[in-house]
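Comments concern the structure below.
Throughout, read-outs are computed from the coordinates displayed, never taken from laboratory work. These figures come from a predicted structure and were not determined experimentally. Glycine gets a Cβ as well: all are built from the backbone with ideal geometry, and neighbour counts include every protein chain shown.
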Amino acid sequence: MSNKTKVNLIKNEAERTIQGLVTKPNEFVYELTGGKVGAGQTYSSYFTENKREVYITGILNTRNSKIIRKINDNSLINKYNDLNKQNKLSYPINKIATPTDSDYKTGVISRYFVRKVNDMNAKYFEISAQDFGNQNNLFQYFNIKWVISGRKDEVERQNKITLDRLPNPFQKLLFPLQLWRPTKNSRDEVEKKLERLVR
């Protein structure tokens, strides 16, 4: 990531900022070069989402701003963050899998689930692959392979095997033919169409 992109990202996504501060002698160095920043230069302080205080030359609409670093950083928020490694935790959101046509051609998808660790009565719920990739330690995460196309009896058999390996609550959350779609022009597809006509 270029310096300009990094600076713009910090400016645009900061939770709050203090503008128009002035540097003191031997207070800052440039992050990129390590050279000293002269006294009397305007800079601003930005408080980022990941709980850091970042110093940037100029003000919000200054072009060619540069990130500067305090020689002796006495920022309380940075000290606290260094001690506790506090990051903004992401919380998973309930999202049931929605297979694409390409997934149906493949026949199998990954499904992702979660539940709160500190609540014995917490229910499992399905989440996206993105939330599964951004795990936080307040939740228990796991994933399964789920068959979504093929012969009806075979899909049902395979997914029942998967369900039998899961904790009891999953018997209510999932059923073997959930998300299943019969192969085009197959006997299963004809039967499914006939079922709809009878209803």
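Before moving on, here are some points about what is shown:
- Environment charge of Val37, counting only residues whose C-beta is closer than 11 Å and scoring Lys/Arg +1, Asp/Glu -1: +3
- Acute angle (nearest 10 degrees) that the helix 187-198 long axis makes with the longest principal axis of the chain, alpha-carbon atoms: 80 degrees
- Here, the range 3-84 is characterised by an Rg to Rh ratio of 0.94, where Rg is the alpha-carbon radius of gyration and Rh the Kirkwood radius.
- Neighbour net charge for Lys95 - beta-carbon separation under 10 angstrom, K R +1, D E -1: -2
- Nearest 10 degrees, 0 to 90: helix 152-164 Cα axis against the chain principal axis: 50 degrees
- Relative to the Cα centre, the charge distribution of the chain, modelled as +1 at Lys and Arg Cβ and -1 at Asp and Glu Cβ, gives a dipole magnitude of about 140 debye.
- Proximal charge balance of Ser2 [Cβ under 15 Å; K/R count +1, D/E count -1]: +4
- Segment Asp153..Phe125, full-extension length gain: 7.5 nm, with 0.36 nm per residue of separation and the alpha-carbon distance subtracted.
- Long-range amide H partners of Gly58 with built H, under 5 Å: Thr42, Tyr43, Ser44
- Close amide H partners of Ser186, meaning residues 5 or more places away or on another chain with modelled amide H under 5 Å apart, do not exist here.
- Ranked Arg151, Arg16, Arg181, criterion: other C-beta atoms within 10 Å, fewest first: Arg16, Arg151, Arg181
- Translational D in µm²/s for the chain (Stokes-Einstein at 37 °C, 0.692 mPa s, Kirkwood Rh from C-alpha pairs): 151 µm²/s
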